[in-house]
Amino acid sequence: MLAGYLTLLLFITLVHPTVQDTNADLDQWISKQDIISFQTIHQNVNPHGTKRGFFAASLSTYHPNYFYTWTRDAALVARVLTGLDETSDDTLMDYVQFQIDTQSTETQCGCLGEPKFNTDGSSYQGTWGRPQNDGPAERAVAFMLIAKRWMDNGYQETAWIYHHLVPSLVKDLDYVVKVWYQDSFDLWEEVLGTHFYTLMIMRRALLDSVDFFNAYGKRPVDQYRLTAHLIAKRLEGFWSVEHGYIMATQGVRNGVQKLSGLDVSTLLAANLVASRKDGFFSPGSDKTLATVAALENSFKSLYPINHQQGQNLGTCIGRYPEDIYDGYDTSVGNPWFLATAAFTELYYLAIEEWKRVGVEVNDINQLFFQNIMQIEHGYYGPQSNVLNHLIKDTQLAADRFLKTIKYHQANNGSMSEQYDRYIGFMAGARDLTWSHAAFISASRAKSERFIQ
Ligand code: NOJ
Ligand code: NOJ
């Protein structure tokens with residue numbers, strides 16, 4: 001067994017010699033991958049035989065069957081598509097219409113937190129973790145971005161926006177106001193409790209709605225503003241002084257036990273709220289950076305593949321250390337493409353923030369900076385030499401995660417959900433739509449055209 005493993009390692013080392021990518025190599029790959037990912041997303045949108053506006057999580061129908069639409073995946077993908085000029089308005093319109101229909105579809109949950117729907121738009125009836133209350137909040141964010149894109153571009157169908165999109169948006173927002181403090185399953189569909197990620201995306205949806213209705217709608221927004229404020233108070237409590245990082249969940253009622261409390265979802269959340277630019281658990285904030293360091297250090301020692309990665313590649317990142325979901329079944333968890341891409345995106349978003357407000361190196365975030373460069377505690381303002389130097393090194397570190405993706409994806413630009421923790425080969429659902437959207441989001445962050 002051991003001998004077999006060692007032979008395998010030797011084989012992999014031989015066929016996968018450590019590549020020394022130059023910056024030009026990387027840029028060239030990114031331009032190519034941007035196109036492939038955009039096309040792959042479109043292959044997964046409304047595939048043959050599905051209802052219009054159906055966004056498949058993956059085209060994989062067997063081992064695993066991901067040929068459903070998850071409210072979460074679809075909304076996160078729609079959000080990225082909305083930020084791209086190449087996306088057609090028809091695709092977004094179909095997405096919106098499909099989602100509106102699901103709101104009045106009969107579901108097991110009997111609520112807007114129903115997680116997934118079939119290819120014909122009917123709801124999935126099997127046993128599943130319900131409700132998943134991040135979904136309506138993610139959808140609300142996507143709907144507002146779509147509406148804004150249309151109104152800012154003088155799109156003709158404003159009546160449709162006011163009579164269809166907005167009422168559905170209001171349903172989601174009112175649902176968030178009603179349920180935010182109740183137990184819900186997390187974004188990984190495994191744990192019933194109160195989740196940092198879910199509350200963060202709810203807060204963003206509500207704050208965005210205040211701006212949205214002030215600008216376009218003349219609706220009363222006091223409830224939304226107040227709820228966002230209450231959620232923020234609740235979120236503060238997820239910071240653990242004892243651990244020195246953000247804990248993913250509180251009040252676990254049921255599901256997978258996770259001792260560390262570490263979870264990349266806290267960083268996905270930071271990326272998703274960056275556009276608010278309010279410093280609240282934002283990518284460049286000290287508590288988020290502390291969590292980045294804790295997660296990276298944990299995966300670095302946990303995954304065997306990270307012990308053989310050359311200096312040139314970034315750490316392979318998974319969902320959370322205790323993960324045992326292998327993409328089909330339960331055995332051992334692996335690194336995920338979307339989690340690895342999220343690190344690149346977070347670093348670039350942090351850089352954007354530091355350029356605006358400077359950076360304070362302190363006891364909370366020092367571990368993060370130790371992984372980047374030697375730097376003394378203190379405040380470094382925008383334009384200062386130290387900050388400029390720090391930014392350069394952070395960019396290099398950010399790009400190393402992209403190199404990791406390049407190295408482990410298939411040669412044809414395909415990206416599944418996961419890649420193996422021992423040997424790096426792809427695992428789990430093939431061409432996960434969310435993996436490709438996460439890549440585009442990271443690549444856009446690198447070129448400072450941030451997805452909102
Ligand atoms: C499918 C879920 O989507 C995934 O997150 C979970 O880990 C597995 N089921 C195993 O429970
Ligand atoms: C499993 C993941 O845990 C969940 O977040 C996702 O929504 C589904 N797979 C579908 O991609």
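The values are calculated or read from the model by the stated rules, or taken from the named source; none is laboratory data. As the structure is a prediction and not an experimental result, all values here were calculated from the model. Don't worry about glycine lacking a Cβ; one is built from the backbone with ideal geometry, like all the others, and counts go over all protein chains shown. Heads up: the accessible areas ignore ligands, DNA and RNA and are worked out on the full protein's heavy atoms, side chains in. Shrake-Rupley method; radii C 1.70, N 1.55, O 1.52, S 1.80 Å.
Among the residues making up segment 152-197, those that are in a strand (DSSP E or B) and either of a type outside the set (Phe, Trp, Tyr) or farther than 22 Å from Ala270 by Cβ (or both) are Ser184, Val191, Leu192, Gly193, Thr194, His195. Applying a threshold of 7 Å to beta carbon distances and a minimum spacing of six or more residues, or different chains, the list of pairs starting in segment 190-207 at a residue that is more than 14 Å from ligand 1 (Cβ to nearest atom) and ending at one that is modelled with pLDDT under 95 and open to solvent by 10 Å² or more (accessible area, probe 1.4 Å) reads Gly193/Gly251; Gly193/Val252; Gly193/Arg253; Thr194/Gly251. State whether one or more residues within segment 347-356 are touching a Ser or Thr at 6+ places or on another chain (Cβ under 9 Å), more than 14 Å from ligand 1 (Cβ to nearest atom), not assigned by TED's automatic domain parsing to the domain that holds Asp73 and not in a helix (DSSP H, G or I). Within segment 347-356 (the criterion being touching a Ser or Thr at 6+ places or on another chain (Cβ under 9 Å), more than 14 Å from ligand 1 (Cβ to nearest atom), not assigned by TED's automatic domain parsing to the domain that holds Asp73 and not in a helix (DSSP H, G or I)), the answer is no, since none of the residues qualifies.
Of all the listed residues (Tyr181, Tyr175, Tyr197), the sole one being farther than 20 Å from Thr71 by Cβ, of a type in the set (Ser, Thr, Tyr) and not assigned by TED's automatic domain parsing to the domain that holds Ile364 is Tyr181.
Give the residue that is nearest to Asn65 (Cα to Cα), with candidates limited to residues of segment 394-448 that are without any contact (Cβ under 8 Å) to a residue 12 or more places away in the chain and of a type outside the set (A, V, I, L, M, F, W, C). Within segment 394-448, the match that is nearest to Asn65 (Cα to Cα) is Asn411. Return a yes/no flag: does segment 123-134 have any residue that is open to solvent by 40 Å² or more (accessible area, probe 1.4 Å), at pLDDT 95 or above and among the β-branched types (Val, Ile, Thr). Yes - at least one qualifying residue is present in segment 123-134. In segment 34-58, the residues that are farther than 19 Å from Ala142 by Cβ form Cβ pairs under 6 Å with partners that are more than 16 Å from ligand 2 (Cβ to nearest atom) and assigned to a helix (DSSP H, G or I), at six or more places apart or across chains, as follows: Asp34/Ser443. Name the residues in segment 52-79 that are more than 9 Å from ligand 2 (Cβ to nearest atom), assigned to a helix (DSSP H, G or I) and open to solvent by less than 10 Å² (accessible area, probe 1.4 Å), would you? Once the filter is applied, which keeps residues that are more than 9 Å from ligand 2 (Cβ to nearest atom), assigned to a helix (DSSP H, G or I) and open to solvent by less than 10 Å² (accessible area, probe 1.4 Å), segment 52-79 yields Ala74, Ala75, Val77, Ala78. Note on segment 92-113: among residues that are over 27 Å from Trp150 (Cβ atoms) and either free of Cβ contacts under 8 Å to residues at least 24 places away in the same chain or among the acidic types (Asp, Glu) (or both), the one that is most open to solvent (accessible area, probe 1.4 Å) is Glu106.
Candidates Gln383, Gln452, Gln374: the one that is part of a loop (DSSP other than H, G, I, E, B) and within 23 Å of the chain's Cα centre (by Cα) is Gln452.
Residues checked against (1) more than 16 Å from ligand 1 (Cβ to nearest atom); (2) open to solvent by less than 20 Å² (accessible area, probe 1.4 Å); (3) in the same structural domain as Gly83 (by TED's automatic domain parsing); (4) of a type in the set (Phe, Trp, Tyr):
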{"site": "Val386", "(1), (2), (3), (4)": "yes, no, no, no"}
{"site": "Leu402", "(1), (2), (3), (4)": "yes, yes, no, no"}
{"site": "Gln418", "(1), (2), (3), (4)": "no, yes, no, no"}
{"site": "Ile423", "(1), (2), (3), (4)": "yes, no, no, no"}
{"site": "Leu432", "(1), (2), (3), (4)": "no, yes, no, no"}
{"site": "Ala437", "(1), (2), (3), (4)": "yes, yes, no, no"}
